[in-house]
C-alpha cells in the first residue's frame, strides 16, 4: 500500500483488534456486574458493544475495499513459543474474513437489538447479554484469526456459548439435557479437529494459516495420505459444528434455547463455522480431492434428509432447525464442488433470511403465549401483519422464490456449480434440485398453517421499535442481498465472487450461458411448484386426506424423529456404554488403588495402637529406639 | 586427669543414666519420673565434665552449663504441668493421665 500513509494502516490495525475486543469488553462488564446492573444498562452494554463493532467493521470494509486486494494483519502478542511451534495472537482481514465479519457483526447487532425487547421480562436479562456478547467475541475471533490454534480457541468459545445459551433456562432439566447433548455431540467433531491440528502442527511446523497452507502445497502431493487425513479430520470438526451427517442430531434439540439464540447461533453464524473452516482451508482440501468429494456427498445427503425431516415437524422452531441443517448442506455441497464463493454467498443470504425467519417466528410465539406447535396457531395473518410479512419474506427467500429473493440467486449459483462438477455433478445437481422442491413445501406448509386458515389463538400486546426495526432491515436484506451475484441471463453481476477472488480460487464453469438459463428455469419452476404443492395440501386442506393414509403416517413419524438417528445412536453407542458401566460398577482399575488404600488403613491401625497415652510406654519406646540408634552408630 | 579416672567417671555416668531410665520406666509417680529425668541429665553432664577435664577443653563445662539451664527449664515446666494435673485429677499417677488421650 504505497500510496497510503503508514499511520492509516496502524489505525486500521487498531480497529481490527477492537472489533472482537469490544464484545469481549461488554461481556466482562456484564459478567462482573453479576446481574446487579439495571436492565437498561445491561441492554445498552450488550447492544452498544455489538453496534460499535458493526460500525468498526463497516469502516474496515470501506478501507479494505479502497485498498484493492490488500490483506490487513495485526499481531498482538506471542501466545505459545516452543522450539517446534510458534503461535501468535493475531488477526488477519482478507476479503473472506471481511464478508464473514460484516455478516456476523451486523446480524449480531440486529439480533441483540431484537433481544433487548424480546427478553425484557426475563430474570436473566443481564446474563443473557453477557453470554451473547461472549459469543459474538468468540465468533469474531474465529473468523479473524490468522492462526489455526486461535481459530480453534474461537471455535471452542462459540461452542461454550452455544452450550450456555441452549441451557439458558436451566430450571427445566430437559433444556440442560439439550445443552449437554449439543456440547457432547459437537465435541466428537472437535476431537477430530484437534487431532487434525496436531497432525498439521507436527508435519508442517506451524499453524499460522498462510505459511501452513503454503507449506502444505509445497510438501504434499495432491491426493497423498497426509493431506487427506488432515482434511478428513478438519472435516470431522466442521461436520460436528455445522450439524451435518452424521453429527447432526444436536441441532433440533438446541431449539430449547431462547429464540434470538436460535437465530444468531443456531442459524446465522455459529453453525456455519464449519463452512468457513473449509473455505479458509481450501488449499488443504484441494490437496485431498477424495475428502472434497465427501464434503459434497455429506452436503447433498444432509440437505435431503433434513428437508424431508422438516416436512414432518410440528414445532415451528424445529422446522427452522431442520431447514438450517438443509441449507448448510447446500453450502457443503458448494464447497465440495469447489464453488467456494458460492458457499460464502449462500452463507450470507442464509444468515439474513434464516435470522429473519427465526426472529419472525419468535415474534409470533411471544404474542401467543409461547406456543410452538404450528397446528395450534392459525389465521395469524391479520392479527400479526408485521410478523406475517417478515416470515413470508424469509420463507420466500428460503424457498428461492425466483427473481425477487436473495435465496434464489445463491441457491441457483450452487446448483449451477454442482451441475458443472465432474464426476458425479449430475447426481449432486439432482439432489440439490430435489431439495429445492422440498424446501418450499416445508416452509410454506408452516406459512399456510400458521398464518392462514382458522384462528385458534388471540395475540396480545404490540411490538416495540426494537423488534420492528431488525425485522424490517433483515426483510430488506433477505430480498436484496442476492443482487451482488446474478446468473448470465439476469445481468451477470459478479461483485461478490470478484471480491472473494483474491482469497478463494475461482473455477471456470464449463457450461454455456444457454444451459445455465435452462437449469435456472428448471429451479424456478420447482420452487413455484413446491409452493403450489404446499398450498394444495395445507392451504386448501388436502392435508386431512393425506393424514388418513397409514404409510404416510408412518413415514411422518419416522421423519418427525429425524430419520431415527437419535434412536440409532442410543442403541449403538449409549446403551452399550451404559451396559459397560453397569457390569463394571466396581471398577476393575479401581481395585489396585483400593488395595493401596487398604494397606494404608492397616498400617494406620497398627501404628495408632502404639499411641495409647501411657507415658511410661512411650519412654520405654524412646529408650529402646535410642539403644538401637546407638547400636547402629557403633556397629554399622 | 589420668585415662582410667575418665573411664571410672564414664562408668559412673552410665550407671546413673541407667538408674534414671529404670526409674522413669518403673515409677508411676510423675514427680519421681521427673526426678529420674534429672538424674539422666546429670549423668550426661558428668560425662561431659569428665571428658572436658581429660582433654583440658572448656567445651565440656559449656555443655554442662547448657544442660543445667535445660534441666531448670524442664523442671519448671514439668512441675507446672504436674500441678495442673493434680488440681484436676487429685493424682500424680502417670497412668491416670491417660485420660488425656481419649
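The values are calculated or read from the model by the stated rules, or taken from the named source; none is laboratory data. The structure presented is a predicted model; accordingly, all values stated were derived computationally and were not measured. With ideal geometry, Cβ positions are generated from the backbone for all residues, glycine too; neighbour counts draw on all protein chains shown.
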Checklist entry - Residues in the stretch A:559-583 that are in contact (Cβ under 8 Å) with a residue 40 or more places away in the chain and over 16 Å from residue A:247 (Cβ atoms): how many? => result 2
Next on the checklist: So residue A:630 ticks every box in (1) within 14 Å of another protein chain (Cβ to nearest Cβ); (2) modelled with pLDDT under 90 but one. Which box is left unticked?
Outcome noted: (2)
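For the structure I just gave you, tell me whether residue A:271 is farther than 30 Å from residue A:363 by Cβ, surrounded by 19 or more Cβ atoms within 10 Å (Cβ to Cβ) and touching a residue at least 40 places away in the same chain (Cβ under 8 Å).
Against the criterion (farther than 30 Å from residue A:363 by Cβ, surrounded by 19 or more Cβ atoms within 10 Å (Cβ to Cβ) and touching a residue at least 40 places away in the same chain (Cβ under 8 Å)), residue A:271 does not qualify.
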Item to check | Extreme residue, nearest to residue A:150 (Cα to Cα), among residues of the stretch A:176-192 that are surrounded by 18 or more Cβ atoms within 10 Å (Cβ to Cβ) and over 15 Å from the mean Cα position of the chain (by Cα) | outcome: A:192
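Identify, please: which residue in the stretch A:79-107 is within 23 Å of residue A:281 (Cα to Cα) and surrounded by fewer than 16 Cβ atoms within 10 Å (Cβ to Cβ) and is, among those, modelled with the lowest pLDDT?
A:84
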Checklist entry - What about residue A:568, is it within 30 Å of residue B:17 (Cβ to Cβ) and either within 14 Å of chain B (Cβ to nearest Cβ) or modelled with pLDDT under 90 (or both)? => result no
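Tell me whether the stretch A:132-145 contains one or more residues that are at pLDDT 90 or above and not in a helix (DSSP H, G or I).
yes
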Next on the checklist: Any residue at all in the stretch A:357-374 that's over 23 Å from residue A:261 (Cβ atoms) and in a helix (DSSP H, G or I)?
Outcome noted: no
Next on the checklist: Go through (1) surrounded by 11 or more Cβ atoms within 10 Å (Cβ to Cβ); (2) within 30 Å of residue A:184 (Cα to Cα) for residue A:541 and report which single condition fails.
Outcome noted: (2)
Item to check | Residue among A:616, A:601, A:585 that alone is part of a helix (DSSP H, G or I) and more than 14 Å from chain B (Cβ to nearest Cβ) | outcome: A:601
Checklist entry - Looking at residue A:40, is it free of Cβ contacts under 8 Å to residues at least 40 places away in the same chain and either on the phi > 0 side of the Ramachandran plot or not in a loop (DSSP other than H, G, I, E, B) (or both)? => result yes
Checklist entry - Across the stretch B:1-24, what is the number of residues that are crowded, with 16+ Cβ neighbours inside 10 Å and without any contact (Cβ under 8 Å) to a residue 24 or more places away in the chain? => result 4
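Pull up the stretch A:418-450, narrow it to residues that are assigned to a helix (DSSP H, G or I) and farther than 21 Å from residue A:324 by Cα, then point me to the one that is modelled with the highest pLDDT. Full working, then the answer.
Restricting attention to the stretch A:418-450, the residues satisfying the condition of being assigned to a helix (DSSP H, G or I) are A:418-419, A:425-450.
Then keep just the ones that are farther than 21 Å from residue A:324 by Cα; that gives A:419, A:425-427.
On the way: A:419: 84, A:425: 80, A:426: 82, A:427: 87.
Here the answer is A:427.
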Checklist entry - If you go through the stretch A:519-540 one residue at a time, how many are without any contact (Cβ under 8 Å) to a residue 24 or more places away in the chain and in a helix (DSSP H, G or I)? => result 4
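Yes/no matrix, rows are residues, columns are (1) closer than 23 Å to residue A:353 by Cβ; (2) surrounded by 14 or more Cβ atoms within 10 Å (Cβ to Cβ):
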residue: A:477; (1), (2): yes, yes
residue: A:482; (1), (2): yes, yes
residue: A:495; (1), (2): yes, no
residue: A:507; (1), (2): no, yes
residue: A:517; (1), (2): no, yes
residue: A:521; (1), (2): yes, no
residue: A:533; (1), (2): yes, yes
residue: A:547; (1), (2): no, no
residue: A:558; (1), (2): no, yes
Item to check | Among (1) within 14 Å of another protein chain (Cβ to nearest Cβ); (2) at pLDDT below 85; (3) part of a helix (DSSP H, G or I) - the single one residue A:623 does not satisfy | outcome: (2)
Checklist entry - Among the listed residues A:516, A:609, A:575, which satisfies the condition of being within 14 Å of chain B (Cβ to nearest Cβ) and either in a helix (DSSP H, G or I) or closer than 29 Å to residue A:404 by Cβ (or both)? => result A:609
